[in-house]
1. Please report the net charge: other residues with Cβ closer than 11 Å to the Cβ of PRO26, K and R +1, D and E -1.
2. Take every Cα pair under 8 Å in the chain that's 6+ residues apart, average their separations, divide by the length, and report that relative contact order as a whole percent.
3. Where Lys and Arg each count +1 and Asp and Glu each count -1, what net charge lies around LEU15 among other residues with Cβ under 12 Å from its Cβ?
4. Given the chain, what whole percent of its Cα pairs are spread farther than 17 Å?
5. What list of ³J(HN,Hα) values in whole Hz, one per residue of segment 11-26 in order, does the Karplus curve 6.51 cos²θ - 1.76 cosθ + 1.60 (θ = phi - 60°) give from phi, with Gly and Pro shown as x?
6. Ignoring any ligand, DNA or RNA, what whole percent of the accessible area of the chain comes from carbon and sulfur when the probe is 1.4 angstrom?
7. So which residue, out of ARG62, ARG21, ARG47, gets the largest mean-square fluctuation from a GNM of the chain using Cα contacts under 10 Å as springs?
8. Go through segment 62-68 residue by residue and turn each phi into a ³J(HN,Hα) via Karplus (6.51, -1.76, 1.60, θ = phi - 60°); whole Hz please, and just put x for glycine and proline.
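The values are calculated or read from the model by the stated rules, or taken from the named source; none is laboratory data. Predicted model only: the values in this text are computed from it and were never measured. Because the Cβ atoms are built from the backbone with ideal geometry, glycine has one as well, and the counts that use them run over all protein chains shown. SASA here: full protein model, heavy atoms, side chains in, ligands and nucleic acids out. Shrake-Rupley method; radii C 1.70, N 1.55, O 1.52, S 1.80 Å.
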Amino acid sequence: MAHPKARLTPFGRRLLVRRVRDEGRPVAHIAAAMGVSRQCAHRWLARFDEEGEAGLFDWSSRPLRSPTQTAPE
């Protein structure tokens, strides 16, 4: 599930990747048409290149570690 305020859902991100990679259209034009910045579009493209389809889904916002976490006792 996408973040509630996210401009693009995973479907939209997949569409962005397909239009840029498969159709060869300019990133700036696709980003403008989809209502996101070029930086955002490049970020999704990089995540897709690195992780494939899984990279188009939101990451968890949970921290990997909490050094100042209260002890379980």
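1. Summing Lys and Arg as +1 and Asp and Glu as -1 gives +2.
2. 29
3. Working: positive: ARG13, ARG14, ARG18, ARG19, ARG21, ARG25; negative: ASP22, GLU23.
Net charge in that neighbourhood comes out at +4.
4. Here the long-distance tail beyond 17 Å is 48 percent of all Cα pairs in the chain.
5. The phi angles translate into 4, x, 5, 5, 5, 4, 4, 4, 5, 7, 6, 7, 8, x, 7, x Hz.
6. On the way: 3060 of 5770 Å².
Within the chain, the accessible surface is 53 percent carbon and sulfur.
7. The residue that fluctuates most here is ARG62.
8. Ordered by residue, 3J(HN,Hα) equals 5, x, 6, 8, 9, x, 9 Hz.
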